[in-house]
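Asker: Below you'll find the structure I mean.
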Amino acid sequence: MSAARWLIVARGWGKGGAEERDETMPTRGPIGGFRARHAVVTAALLLAGCGQGAPTPTPTPTPAASDGKRGPAAPNSPDARAAMATVQRYFRAIEARDYAAAYAMWTEGGRSAAPSLAAFEASFAPYSEYEPAVGRPTAVTVRDGTQYVLVSASTFVKRRGSGATAERDGFVMLRRSVDPRDPDPAKRDWHIWATDIRVRH
């Protein structure tokens, strides 16, 4: 893949909040980025496509595994739609400035997005306007006992002071355990583990 121009909100911890910069590779965080160790999973999910602009199909039930565990699922399955609903709740929380609720929707108790709730909230401080839109999910894949899915998303942001605007497109990446009876809700339910959102050209 050729290097693309990325606009990333870098976590300027200890520097008074987040800062915006151009990068040729994405980084992890609440606006954009991914972890390299999940690159294989991400590539496989991206190949599945997000189905934007297509007619809404009839939901397809997720086949139940013989052991009761979750398996791969189609983009219009209840599993994929549940992930999409999680992303919708996430962005609604951000729009409502309920950063604690949004932070809790990330894996690792939110630390996969930022080292603290205060740092997470600070990453949105540069913007006077933040308008997200949620698209369709990809198919759900399974790897090492975990379900993975991408949900397409876009954001329009306006910076305080300068009034500069930017539009970004990409994916929100979610995962959960294949075991619906997992006692840990952080593993049992869909949580965001990364976002990969680039500047629209």
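Asker: In whole Å, largest first, what are the principal axis extents of the Cα atoms in the stretch 62-201?
Answerer: Dimensions of the stretch 62-201 along the principal axes of its Cα atoms: 58, 31, 22 Å.
Asker: Okay, next question. Counting only residues 5 or more places away or on other chains, whose amide H sits under 5 Å from the amide H of Arg200 once H atoms are built in the peptide plane?
Answerer: Long-range HN contacts for Arg200: Glu167, Arg168, Asp169.
Asker: What's the whole-number percent of alpha carbon pairs in the stretch 87-160 lying beyond 21 angstrom? Show your work: numbers first, answer last.
Answerer: Values: 909 of 2701 pairs.
Above the 21 Å cut-off, the stretch 87-160 has 34 percent of its Cα pairs.
Asker: Only four residue types carry charge here, +1 at the Cβ of Lys and Arg and -1 at the Cβ of Asp and Glu. Report the dipole size of the stretch 102-201 about the Cα centre in Debye, rounded to the nearest 20.
Answerer: Approximately 180 debye in magnitude.
Asker: While we're here: Can you list the equivalent-ellipsoid semi-axes of the stretch 145-201, largest first and in whole Å, using the square root of 5 times each Cα gyration tensor eigenvalue? Write out the running numbers ahead of the final one.
Answerer: Details: eigenvalues 219, 29, 7 Å².
Over the Cα atoms of the stretch 145-201, the semi-axes work out to 33, 12, 6 Å.
All of the numbers you see were taken from the coordinates with simple rules; none came from a lab. Values in this document were obtained by computation on a predicted structure and should not be read as measured data. Positions of Cβ are generated from backbone atoms using ideal geometry, with glycine treated the same way; all protein chains shown enter the neighbour counts.
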